[in-house]
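Okay, structure first, notes after.
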Amino acid sequence: MTGSRSGFDLKDALLVGALVFACSIFGIYTAPPGVLAAFWPTNAVLAGLLLRRQHPPNLLHWLAAASGYMLADLHMQHGWPKSAMLTCTNLMGVWVAYFLFSRMDADYQNLRHPRSMLRFVLVVVCAAAAAGVAGIFIHPVLFGGSHAYGFAFWFSTELVNYIAILPVMLTFPDLGRWMKAHQRRADWPGWRPEQLAPLAAFAGSLWLGTQLGGPGVIPYPIPAMLWCALTYSLFATAGITLFFSMWTLLAISSGTLLIGANFDSQQAIMSLRVGVTLTALAPLTVASVMVARNELLDRLKYAASHDPLTHVLNRGGFMQHADALLAAPQLMRRPLAVLMMDIDFFKKVNDSYGHAAGDTVLVNFARIAEGCLRGGDLLGRLGGEEFAVLLPGCSAEDARIIAQRVCDAFARHTVAVGDGKLLNSTVSIGVHCAAGSGTPVETMLSRADAALYKAKQSGRNRVECA
């Protein structure tokens, strides 16, 4: 097991090193002759990659990252001393970003907390400052200039790169989990034409800026980006803000976007880059707050519609979901069935073993019943020991088979009720079938309840059809 784990860490570390090398080569090729890279994604990508791993990085990962930096510099014939100094400076900022982010809760790391953007900015400022401190010493040696300029250059460059790139890395969806949740075509999220309107407004604002020009064109896309933040996911918003930052800077440098200002000094260029990137924080903050708000609403909605003990639908949630399901056009002409289920002698369980044992029986029954149902069937706890099931598109014979499956599975199941005691319970089930969804769910439940009463009168632990 240890050997297998070590082999996995080695492969993982080599992958980290290869990614660092590839990003570094890309960044180096963006550098004008004799100066540092104009766009350096490596540090933000590395920090995000280490934070998104399931296990903390070990020494192998840091050594692989350092090797990736060094090999890229040596490939460009920078020499050992220069490569070593640049690598140490890069790793200082990455280590500070990783150290501070890794001590945050997952909601803060993933930018899903209302105050996560504030912490995000504080962390990236610290990481950029760490690189800036190293720049005080190495920049005058490698590129000339004052110590103050070395700090300002490294600080501003790293700040821009972290703010632009790191949100994309931190919010990147888990592809394995996403694919598992979208295995069927029906699970894929639907798109409506109006959902493309924010993106179209964003593209239009970028185009308008190139046509009008002037010093006020940089904020043109902000309203559209805020609209995107209110409409799309946090990851999509992070990608849009990254595109905005990089497109604006490249458009200004190439003359596509004319803002009527001269950038004849490095200080002016640094000021522009930081200003453009900080502007992108507004939609990111809105998107982060919206995610936290939506998740809170989802939790409240779940709590309002689900039973806190068994985690199946409660009466209100079952009725609401059943009404929505019956209103679906595809069910209008299809048969459906309703089951009413009542655990036999449940009061005796509470009286003999205590209410905790009764709760255990309820939880076990809900789990067994769910395992016997099909995908798309509705299970709800209507109160006490009564449960109901709505079976859309189910014939009378299939409904009886499903009900008997639940009845037999629960009768075979043994429930541990504490102190080593084992308990076998049974359930009685009434079934009502309808030819279509025209009958109200309350009426179908009432008819299934009459069949349930018949099952109890006939000896319990059985299925009766209305």
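The values are calculated or read from the model by the stated rules, or taken from the named source; none is laboratory data. Here the structure is a predicted model, which is why all the values come from computation and not from measurement. All Cβ positions, glycine included, derive from the backbone under ideal geometry; neighbour counts span all protein chains shown.
Restricting attention to the range 64-102 and to residues that are among the polar types (S, T, N, Q) and under 30 Å from the mean Cα position of the chain (by Cα), the residue that is nearest to Asp12 (Cα to Cα) turns out to be Ser102. Filtered by the rule that a residue be in contact (Cβ under 8 Å) with a residue 40 or more places away in the chain and more than 13 Å from Asn90 (Cα to Cα), the range 119-141 gives Phe120, Val121, Val124, Val141. Just one of the listed residues (Ala399, Ala411, Ala356, Ala388) is part of a helix (DSSP H, G or I) and touching a Gly at 6+ places or on another chain (Cβ under 9 Å), and it is Ala356. Residues of the range 177-208 that are at pLDDT below 90 and of a type in the set (Gly, Ala, Ser): Ala181, Ala186, Gly190.
Matching residues to (1) touching a Pro at 6+ places or on another chain (Cβ under 7 Å); (2) of a type outside the set (A, V, I, L, M); (3) surrounded by fewer than 16 Cβ atoms within 10 Å (Cβ to Cβ):
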| residue | (1), (2), (3) |
| --- | --- |
| Ser83 | no, yes, no |
| Asn90 | no, yes, no |
| Val94 | no, no, no |
| Phe99 | no, yes, yes |
| Met104 | no, no, no |
| Asn110 | no, yes, no |
| Pro114 | no, yes, yes |
| Val124 | no, no, no |
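Quick grid of which residues meet (1) in contact (Cβ under 8 Å) with a residue 40 or more places away in the chain; (2) farther than 30 Å from Pro215 by Cα; (3) in contact with a Gly (Cβ under 8 Å, 6 or more places away or on another chain):
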| position | (1), (2), (3) |
| --- | --- |
| Leu242 | yes, no, no |
| Trp247 | yes, no, no |
| Ser265 | no, no, no |
| Thr285 | yes, no, no |
| Ser288 | yes, no, no |
| Leu331 | yes, yes, yes |
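Restricting the range 291-310 to residues that are in contact (Cβ under 8 Å) with a residue 24 or more places away in the chain and assigned to a helix (DSSP H, G or I), the residue that is farthest from Ile222 (Cα to Cα) is Glu295.
Residues that are small (Gly, Ala, Ser) and either touching a Leu at 6+ places or on another chain (Cβ under 9 Å) or touching a residue at least 12 places away in the same chain (Cβ under 8 Å) (or both) within the range 445-466 comprise Ala448, Ala450, Ala451, Ala455, Ala466, listed in sequence order.
Listed by first and then second residue, the pairs linking a residue in the range 94-109 that is under 26 Å from Gly17 (Cβ atoms) and not assigned by TED's automatic domain parsing to the domain that holds Val45 to a residue that is assigned to a helix (DSSP H, G or I) and at pLDDT below 95, with Cβ atoms under 6 Å apart and 6 or more places separating them unless they lie on different chains, form an empty list.
Checked against the criteria, Arg400 counts as basic (Lys, Arg) and crowded, with 18+ Cβ neighbours inside 10 Å. Scanning the range 254-311 for residues that are assigned by TED's automatic domain parsing to the domain that holds Ala236 and β-branched (Val, Ile, Thr) turns up Thr256, Ile259, Ile269, Val274, Val276, Thr277, Thr279, Thr285, Val286, Val289, Val291. Taking first residues from the range 413-426 that are within 14 Å of Gly358 (Cβ to Cβ) and partners that are in a loop (DSSP other than H, G, I, E, B), the Cβ contacts under 6 Å between residues at least 6 apart in sequence or on separate chains come to Leu423/Val417. Within the range 135-152, the residues that satisfy the criterion of being surrounded by fewer than 22 Cβ atoms within 10 Å (Cβ to Cβ) and part of a helix (DSSP H, G or I) are Ile136, Phe137, Ile138, Pro140, Val141, Leu142, Phe143, His147, Ala148, Tyr149, Phe151, Ala152.
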